[in-house]
1. Restricting to the range 141-154, count the residues that are assigned to a loop (DSSP other than H, G, I, E, B) and open to solvent by less than 80 Å² (accessible area, probe 1.4 Å).
2. Output the residues belonging to the range 38-63 that are out of contact with any Lys or Arg (no Cβ under 7 Å at 6 or more places or on another chain), among the polar types (S, T, N, Q) and open to solvent by 10 Å² or more (accessible area, probe 1.4 Å).
3. Consider only pairs whose beta carbons are under 8 Å apart and that are at least six residues apart or on different chains; among these, list those whose first residue lies in the range 108-129 and is polar (S, T, N, Q) and whose second residue is surrounded by 14 or more Cβ atoms within 10 Å (Cβ to Cβ) and in a helix (DSSP H, G or I).
4. Would you check if there is a residue in the range 205-212 being touching a residue at least 40 places away in the same chain (Cβ under 8 Å), aromatic (Phe, Trp, Tyr), buried (at least 16 other Cβ atoms within 10 Å of the Cβ) and within 23 Å of residue 48 (Cβ to Cβ)?
5. Quick one: what pairs do we get from the range 233-250, first residue more than 17 Å from residue 204 (Cα to Cα), second assigned to a helix (DSSP H, G or I), C-beta under 6 Å, 6+ apart or different chains?
6. May I ask you to say which residue of 138, 175, 207, 171 is of a type in the set (Val, Ile, Thr), more than 22 Å from residue 5 (Cβ to Cβ) and not in a loop (DSSP other than H, G, I, E, B)?
7. Pull up the range 77-122, narrow it to residues that are open to solvent by less than 40 Å² (accessible area, probe 1.4 Å) and polar (S, T, N, Q), then point me to the one that is nearest to residue 40 (Cα to Cα).
8. In the range 146-177, what residues are touching a helix residue (DSSP H, G or I) at 6+ places or on another chain (Cβ under 6 Å) and within 24 Å of residue 37 (Cα to Cα)?
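The values are calculated or read from the model by the stated rules, or taken from the named source; none is laboratory data. Just so you know, these numbers come straight off a predicted model, no measurement behind them. All Cβ positions, glycine included, derive from the backbone under ideal geometry; neighbour counts span all protein chains shown. In case anyone asks, the SASA skips ligands and DNA or RNA and just uses the protein heavy atoms, side chains included. Shrake-Rupley method; radii C 1.70, N 1.55, O 1.52, S 1.80 Å.
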Amino acid sequence: MFEFHYKDIYVSHKLDKPSSPTEEYHKHIHSFNEILFFVRGNVTYTVESETVKLNEGDIVFIPSSKYHFATVDLSEPYERYVLKFPDGKLAEHIRKQLITNGSFYPNCKNYRSVFSLLDEYNESYGDEDKYLLGLCEITKLCIKLCYESVLHVEGYDDLVDAIIRYVNKNINEQITLKSLAERFHYSTSHINIEFKRKMKVPIMQYIRSKKILAAHQMILDGTKKSDAAEKLGFETYSTFYRAYKRMLEDDKLHIEGN
């Protein structure tokens with residue numbers, strides 16, 4: 001088992017036992033991509049509105065800006081590999097294809113040899129070489145996943161899925177609970193309750209986090225922070241900046257701590 005964090009990538013091989021969990025499996029969202037290779041355990045994983053019970057050899061691809069969390073029964077050991085890396089490390093056409101594909105790749109046991117190489121790299125090379133080798137494996141893995149079959153999740157909550165798709169498509173617009181109620185023809189309380197039941201987060205907190213991450217991408221593309229805040233509909237720059245700084249710090253902690 002190991003953890004490797006160098007520059008802008010994070011690679012780990014983790015084993016959580018009933019007596020020694022290594023992290024909290026809480027809901028979160030971040031500005032980098034994440035790949036999980038599931039080795040063993042009793043785990044159900046949620047990415048946005050899709051929830052899947054993981055089986056040995058499953059791969060989960062979590063794009064940046066997607067809410068996700070694991071539900072873990074630690075009555076048995078939970079073993080997995082985790083890779084984290086920013087959008088800029090992937091060619092745009094690869095990332096777009098992965099996002100289009102979906103998040104859950106079932107029965108990828110043949111990839112175990114790829115992840116085992118990460119153990120070998122960790123034992124045999126220095127940080128700079130492990131970094132370069134890790135990037136190579138991440139790139140090859142993502143290219144190969146573009147050609148893998150994904151699991152199309154059925155039985156998810158149609159209302160919550162529709163809201164998520166609407167928010168993602170209209171993130172630059174002013175979205176309120178009232179406007180969502182009018183659009184989807186449900187009461188504000190029903191939308192609020194159903195969204196939190198499924199996503200484990202209040203809907204307005206979800207929208208705010210999405211807007212912060214959208215602003216972050218605009219800033220990376222060269223937009224001034226104040227202009228990004230205005231375009232995403234934040235009432236004051238100070239409110240936006242405090243939330244933006246908190247998001248950057250949370251990203252750092254997620255890379256280093258999970």
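1. Summing the residues that are assigned to a loop (DSSP other than H, G, I, E, B) and open to solvent by less than 80 Å² (accessible area, probe 1.4 Å) in the range 141-154 gives 5.
2. Scanning the range 38-63 gives 42, 51, 55.
3. 122/130
4. Checked against the condition, which is being touching a residue at least 40 places away in the same chain (Cβ under 8 Å), aromatic (Phe, Trp, Tyr), buried (at least 16 other Cβ atoms within 10 Å of the Cβ) and within 23 Å of residue 48 (Cβ to Cβ), the range 205-212 yields at least one hit.
5. So the pair list comes out as 237/226; 237/229.
6. After ruling out the rest, the residue left standing is 207.
7. Out of the qualifying residues, it is 103.
8. 146, 150
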